[in-house]
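A short reminder: the numbers here are calculations on the coordinates, not readings from a lab. Predicted model, so just to flag it, every value in this text is computed and none were measured. Every residue, glycine as well, gets a Cβ built from its backbone with ideal geometry; the counts of neighbours run over all protein chains shown.
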Amino acid sequence: MNHKPRRSLRVTVSLLALTAFAGTTPKASVAQVDLASLQDEAVGWLQEYLRINTVNPPGNETAGAEFFARLFEAEGIAYEMAESAPGRGNIWARLEGGDEPGLLLLHHIDVVPADDRFWTTDPLSGDVRDGYVYGRGALDTKTGGILHLATFLALHRSGTPLNRDVVFMATADEEAGGFFGAGWLVENRPEIFDGIGFLLNEGGGGSEVDGKVNFGLEVTQKVPYWLRLTARGEPGHGSRPLTTYASLELIAGLERLRLHEFEPRIIPAVHAHLSGIADRHPEPWRTRFADMASAIGQAGVLRELQEYNPGLHALTRNTCSLTRLEGSSKINVVSPEVAAEIDCRLLPDQDPGAWLDEVGSVLGPEIEVEVLMGFTPAVSSTDTDLYRTVRDVTLETFPDAGFVPQVVGGFTDSHFFRDLGITAYGYEATATPSGDDGGVHGNDERVTVENVRRGVEMTLRILERFAAMRPVMEED
């Protein structure tokens with residue numbers, strides 16, 4: 001697999017850790033947390049975090065890790081920080097508790113690039129305007145990280161005994177595969193995850209459409225297979241076209257792949273997802289989603305679904321998107337080698353070997369196929385106390401909302417931990433208005449201040465019930 005990091009390592013351990021990891025960290029006195037003050041802090045922390053440039057490439061996640069380190073130092077919390085390569089920082093801190101399986105709060109520090117020509121504000125501004133906080137990472141996933149931070153600090157400040165360890169972790173490189181972040185820590189620092197049974201990460205959460213709110217808790221995801229397709233042929237001058245050459249062979253192969261229809265099927269997790277949200281959609285989708293396995297056999301339904309909701313359509317079959325093309329470096333030169341890179345996503349039950357054979361047969365022998373990245377699929381059970389706790393807190397906050405186990409078409413770092421047998425869920429306690437969804441990897445990424453404040457309370461409620469042995473928040 002490509003994208004493997006260099007085996008360089010720089011570890012920073014806070015001075016407190018010298019005693020904390022020996023079990024002599026002073027315990028705070030038991031107290032309850034002022035929720036309103038914590039929410040105010042969280043909004044300010046988010047603004048500061050968004051202003052830190054962690055665009056990947058190059059990442060520079062160490063700057064984000066140092067932001068958390070300063071807060072942990074101020075709070076008297078032991079932490080560790082490690083770089084997988086220069087500038088690629090990861091940080092984690094642990095609140096020790098009882099013998100129940102530990103809970104890991106995970107988010108990634110890096111964000112995708114933003115073109116400020118198409119934004120109404122500086123993408124790294126962290127500005128608050130009209131009830132929104134703006135900035136690259138506001139939805140993916142710096143807000144989630146701040147919700148975790150606020151909850152983690154609240155547990156620490158309250159001094160309440162915990163029934164399990166709670167670990168805060170912020171990692172590098174998720175936007176490029178996670179091999180300098182979560183994947184690197186799993187390989188190089190496996191002891192961190194001893195005793196961890198549960199994980200909360202990005203990938204699920206709430207959306208608001210036409211006044212209706214629906215929450216999904218991600219339990220599995222489509223499996224990314226990133227492929228590089230290469231064609232070779234005789235070079236030449238652009239003024240005398242040959243009967244065939246590398247560019248034509250590649251284009252022909254890509255056209256065959258475009259026209260190829262991967263067989264649709266509804267796996268159990270997708271059925272649970274679609275049937276669970278059916279009543280949130282208008283007809284004919286309400287009826288179709290209730291039994292999508294039958295609906296996909298009807299002529300034209302999948303095409304209609306792709307136009308209606310491309311994300312849900314992607315859950316019905318394996319998919320490929322052409323994302324990169326490389327050809328000649330000069331307009332008048334027929335290149336001897338051209339390449340394309342395609343982003344393919346497989347259903348979790350797909351045999352990758354059989355699928356690669358299918359792709360190869362469609363492309364033809366003229367096209368060389370190289371796997372740049374591929375993962376092993378896994379599904380997390382919904383029969384857990386954490387799932388039930390997240391569901392209960394969500395529906396208490398949004399009594400009229402839907403709540404379903406969710407399959408996502410993208411991928412997150414959760415797969416690294418599912419491979420370890422850790423129950424991993426994607427969930428963020430926010431209800432994003434449908435009009436703001438385009439900000440994820442798009443322009444004017446933003447989150448409502450209300451979502452940040454409410455998200456702090458919801459996340460704290462979840463951890464209070466799942467991990468704390470006494471109330472953490474002051475009650476009205």
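Once the other residues with Cβ under 14 Å from the Cβ of G300 are scored (Lys, Arg +1; Asp, Glu -1), what is the net sum? Once positives and negatives cancel, what remains is -1.
Quote the relative contact order of segment 110-242 in percent (integer), defining contacts as alpha-carbon pairs under 8 Å separated by 6+ residues. Kindly include the intermediate steps, with their values, before the conclusion.
On the way: 77 pairs, mean separation 18.6, N = 133.
About 14 percent, as a whole number.
The S434 and V371 beta-carbon pair, evaluated with R₀ = 30 Å, returns a calculated FRET efficiency of approximately 0.25. Of the three principal axes defined by the Cα atoms of segment 302-362, the extents in descending order read 43, 30, 15 Å. Across segment 246-294, the volume of the C-alpha convex hull divided among the residues equals 113 Å³ per residue. The calculated FRET efficiency for the pair M469 and R189, based on their C-beta separation and a Förster distance of 25 Å, comes to about 0.30.
Placing unit charges on the Cβ atoms only, positive for Lys and Arg and negative for Asp and Glu, gives segment 396-445 a dipole magnitude near 280 debye about its Cα centre. Comparing segment 195-282 with the 2.2 N^0.38 Å rule of thumb, its C-alpha radius of gyration ratio is 1.89 (two decimals). What aspartates and glutamates does K222 reach when the alpha-carbon gap must be under 14 Å and sequence neighbours fewer than 8 apart in one chain are set aside? Within the straight-line cut-off, K222 pairs with D343, D349, D351, D413. Between R117 and E450, residue separation times 0.36 nm minus the direct Cα-Cα distance comes to 117.1 nm.
Basic side chains Lys and Arg get +1 at the Cβ, acidic Asp and Glu get -1 at the Cβ, and with that the dipole of the chain about its Cα centre reaches some 600 debye.
Below 8 Å between Cα atoms, with a sequence gap of 6+, how large is the relative contact order for the chain in percent? Let's see the in-between values first.
Working: 991 pairs, mean separation 115.7, N = 476.
For the chain, the relative contact order is 24 percent.
Which order do H260, H108, H281 fall in if you start with the one that has the fewest other Cβ atoms within 10 Å?
Values: H260 13, H108 31, H281 20.
Ranked by crowding around the Cβ, least crowded first: H260, H281, H108.
For segment 295-366, a simple Cβ point-charge model (Lys and Arg +1, Asp and Glu -1, everything else neutral) yields a dipole of about 240 debye relative to the Cα centre.
Where only DSSP H runs of four or more residues are counted, the chain gives -9500 deg cm²/dmol as its mean residue ellipticity at 222 nm, each run worth -39500 (n - 2.57). Loop sites only, by DSSP: take the trypsin sites (Lys or Arg not before Pro) in the chain that have at most 12 other C-beta atoms within 10 Å and name the longest stretch containing none of them. Between exposed loop sites, the widest span is 28-329. FRET efficiency for the A252 to N443 pair, using the beta carbon distance and R₀ = 30 Å, is estimated at 0.30. Cα centroids of segment 218-238 and segment 273-338: how far apart, whole angstrom? One Cα centre to the other: 18 Å. Distance from the alpha carbon centroid of segment 397-435 to that of segment 85-105 works out to 20 angstrom. Where Rh denotes the Kirkwood radius from the mean inverse Cα pair distance, what is Rg over Rh for segment 57-198? In segment 57-198, Rg relative to Rh is 1.00.
Largest first, the three principal axis extents of the alpha carbons in the chain are 81, 53, 44 Å in whole numbers. The share of C-alpha pairs in segment 223-374 whose separation exceeds 19 Å stands at 59 percent. Across segment 223-374, the relative contact order, built from alpha-carbon pairs under 8 Å that are at least six residues apart, equals 45 percent.
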